[in-house]
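The values are calculated or read from the model by the stated rules, or taken from the named source; none is laboratory data. It should be emphasised that the depicted structure is a prediction, and the values quoted were computed from it without experimental measurement. Reconstructed Cβ throughout: ideal geometry from the backbone, glycine too, with neighbour counts over all protein chains shown.
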Amino acid sequence: MQEPAAEFRRLHLLTFVHYVFLAIVGFVIAWTTSPESGIQRSSLLFSVIYVVVMGPISLAKYLRFRYYVTSEELVMHYGVFKRVRRNIPADRVQNVAIERNFLARILGTAAVKIETAGTAQAEGVLSFVSVREANRIRNLLHTANITHTPEENTSSFPSFHLTLPRLLISSVYQFSLGLFAVLVGVLQQLELIGLTDIEGATERILEEYLFEVTDSLPYMVTMLIIAVILMMIVLSWVLGFVQNFIRYYNFYIELGPEKIHRKYGLITLREGALPYKRVQSFLIRSNPLMRLHDWYRIEMQTLGLESGERGFQPAVPFAKWAEIVALGSKIRPFTVPEAYTRVSRRTIRRRCLRYTLFISASVAALYLWWPYAVWGLTLLPISWGIAWLQYLCHSWSFHDGNLFIRRRIFSQQLWVVPVERLQAFEINATFFQRRLDLCTLRVDTAGAGVLRHPKIVDMRRDDAEILFTKLYDVFQGHREQE
Amino acid sequence: MKVLDPAVKSVWTIKSVLRWCILLPFSATADVALFFSDNSTFLPGLWTGLLIITCLVWTLIVPKLRYKYWRYELREEDLYAIRGIWNRVQTIVPLRRVQHLDVAQDLIEGNYDVARLVVHTAGTRSTDVVIPGLPYEEAVHLRDTVRDFVAEHMD
């Protein structure tokens, strides 16, 4: 063998087990979701074609993927149709994250993700290597590791460990409507192939525990709606509990001298180090119930993020306000402002108008087919109430070089955006806003999400101009200080 | 503040017509289907007609208005732009936040000798601040000025 080739390594052989597993899952889904036998036959055909075509390709992929790691660089050669040779110099590596999901933990493998400063995604991914190899790669690429376990907390650095009782409490506050929707979808699929009988089961449960069947139709409908809502709440609560418990199990964060180290998860174990300069802004989240008991969550908005975290990584998933502020301000200094300024009262008018238009239009459209849709108009006063609450919950403060923005009624957000981290400044005014002399002030940080980003909606035009100038002056003045 | 090159109105007009033409096959298919269906009360060519009228109205109004509201200025430390018909947007991009710069020109723009300056920052939402409809030399000049600023103020 030639000299350099000897250094090259391949991925773990168990990569194939993963491919086979995925293929089986895909096959089972395709098989079970097609009710007609004709479609089943064609899905079988597709599966066969899939295996015939994809089998050799995955084999080629596996054989083509080679890498080697030295203390200077990571070199990857891969690609079947398009051959790629990628070199990542070690000094450009920002973070080496090791992730182990359920399957990987059974098989004893790990995924290594190498992130550099350049892009928002992991640049190098070695999806299947042995755990020992993963650790070797990380050590070679010079990223320090958590050298001790959370239990033997011997370090002098500031840290936070989510203990089991607190994890349980935190899970109690979680709802997951999204997971509920997934569950309903899966159950429907199962019913289609005759594995479950939701309708029958629901009927039985309702009759036995909730109410008696009567002839009165309105009574039945009302009870049914109440029962469905109750079931939805209970189920999404249970699912939210489980999800939160699994995700943040044994959460540990430590603020090292150069990097933030974190380790968490029950089924998928995540572990990684994050340089301080990658943290762009904070998002402190809560909801009315959590607020009542003084519970908050703080997330860091980072650059070069994993897509699964949507740019926001938990710094402390669940803690008292004082703990949040204490740890957060050690990551990036901030002091909490004493007073916030509300946006213009005219925002209520604009929001009311918007909701009224939206609801009336939908009701009018529905009315053509379904006369009962008129009852949808009862949503109007509710939406006006929501507009008013939105006004009450939306305020801002510019304090100590940080812009604080509070938003949302239920999933409350508090943004802490350091001015020196801003990338662009923007004032937007739609047609309606211009009529009311209002505007929206947006700021952009590196790697901020498209949907979730800091903005102040419906400020008075003059106030916005003043704040805009002030933010910009502080931003530019910052450079002179440096 | 500076205005764009008036030639950009022609560029936008052509692009607007082309963009509406994408819908043409769909409307034509719908019309043909309606023509051959039995109990149709619709006029023949209704959808295509509607499409053409919308396209004309849109193309006559929007490029002119967009041109009217576009203003930009390269200031000492930042790039300042105001634009938008319905949603008026006012953006400041500090020059020291500029990651890289493109001068872009497609076939239609090339025909009218205008170009776009695309300013990339590390931010996600308003990452690309695009100034369209600059005379080509002006775009290159702007790019070089910003580039020199960035090079000078590198830490």
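Does A:LEU422 satisfy being in contact with a helix residue (DSSP H, G or I) (Cβ under 7 Å, 6 or more places away or on another chain), at pLDDT below 90, aliphatic (A, V, I, L, M) and within 28 Å of B:GLN99 (Cα to Cα)?
yes
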Would you be able to say whether some residue in the stretch B:57-65 is outside the structural domain of B:PRO132 (by TED's automatic domain parsing), farther than 30 Å from B:VAL119 by Cα and surrounded by fewer than 16 Cβ atoms within 10 Å (Cβ to Cβ)? yes
Being within 24 Å of B:HIS153 (Cα to Cα), buried (at least 17 other Cβ atoms within 10 Å of the Cβ) and either within 13 Å of chain B (Cβ to nearest Cβ) or under 32 Å from the mean Cα position of the chain (by Cα) (or both): is that true of A:ALA429 here? no
Any chance the stretch A:67-78 includes a residue that's loosely packed, with under 15 Cβ neighbours inside 10 Å and assigned to a helix (DSSP H, G or I)? no
The stretch A:310-332, subset within 14 Å of chain B (Cβ to nearest Cβ) and surrounded by 15 or more Cβ atoms within 10 Å (Cβ to Cβ), residue farthest from A:TRP295 (Cα to Cα): A:GLY311
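Taking the condition within 14 Å of chain B (Cβ to nearest Cβ), at negative phi and surrounded by fewer than 17 Cβ atoms within 10 Å (Cβ to Cβ), does A:GLU420 pass? Even if it seems obvious, please write down each step before you answer.
Numbers: within 14 Å of chain B (Cβ to nearest Cβ): yes; at negative phi: yes; surrounded by fewer than 17 Cβ atoms within 10 Å (Cβ to Cβ): yes.
Yes; evaluated as a whole, the condition is true for this residue.
What number of residues within the stretch B:1-18 are part of a helix (DSSP H, G or I) and surrounded by 14 or more Cβ atoms within 10 Å (Cβ to Cβ)?
Initially, the stretch B:1-18 is screened for residues part of a helix (DSSP H, G or I), giving B:7-18.
Of the ones still in play, those that are also surrounded by 14 or more Cβ atoms within 10 Å (Cβ to Cβ) are B:7-16.
The total comes to 10.
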Take A:ILE466 and decide whether it is among the aliphatic types (A, V, I, L, M) and within 11 Å of chain B (Cβ to nearest Cβ). no
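From the residues in the stretch A:40-66 that are in contact (Cβ under 8 Å) with a residue 40 or more places away in the chain and in contact with a strand residue (DSSP E or B) (Cβ under 6 Å, 6 or more places away or on another chain), which one is surrounded by the most Cβ atoms within 10 Å (Cβ to Cβ)?
Within the stretch A:40-66, the first condition is being in contact (Cβ under 8 Å) with a residue 40 or more places away in the chain, and the residues that meet it are A:58, A:62-63, A:65-66.
Checking the rest, the ones that are also in contact with a strand residue (DSSP E or B) (Cβ under 6 Å, 6 or more places away or on another chain) come to A:65-66.
On the way: A:PHE65: 21, A:ARG66: 17.
The selected residue is A:PHE65.
Is it true that A:GLN412 is closer than 22 Å to A:ARG297 by Cβ, buried (at least 17 other Cβ atoms within 10 Å of the Cβ) and polar (S, T, N, Q)? Break it down into steps so the answer makes sense when it comes.
Details: closer than 22 Å to A:ARG297 by Cβ: yes; buried (at least 17 other Cβ atoms within 10 Å of the Cβ): yes; polar (S, T, N, Q): yes.
Yes: the conditions hold for A:GLN412.
Which of the residues belonging to the stretch B:84-119 are within 10 Å of another protein chain (Cβ to nearest Cβ), more than 10 Å from A:ALA424 (Cα to Cα) and not basic (Lys, Arg)? Outline the logic, then answer.
Taking the stretch B:84-119 as the starting set, the residues that turn out to be within 10 Å of another protein chain (Cβ to nearest Cβ) are B:84-94, B:96-99, B:119.
Cutting the leftovers down to more than 10 Å from A:ALA424 (Cα to Cα) gives us B:84-90, B:96, B:99, B:119.
If the condition is that a residue be within 10 Å of another protein chain (Cβ to nearest Cβ), more than 10 Å from A:ALA424 (Cα to Cα) and not basic (Lys, Arg), then B:GLY84, B:ILE85, B:TRP86, B:ASN87, B:VAL89, B:GLN90, B:GLN99, B:VAL119 are the ones that fit.
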Take the stretch A:432-445 and flag every residue that is surrounded by fewer than 23 Cβ atoms within 10 Å (Cβ to Cβ) and facing chain B (nearest Cβ under 7 Å). A:ARG434
Looking at the stretch B:29-55, which of the residues that are touching a helix residue (DSSP H, G or I) at 6+ places or on another chain (Cβ under 6 Å) and of a type in the set (A, V, I, L, M, F, W, C) is farthest from B:GLY84 (Cα to Cα)? B:PHE42
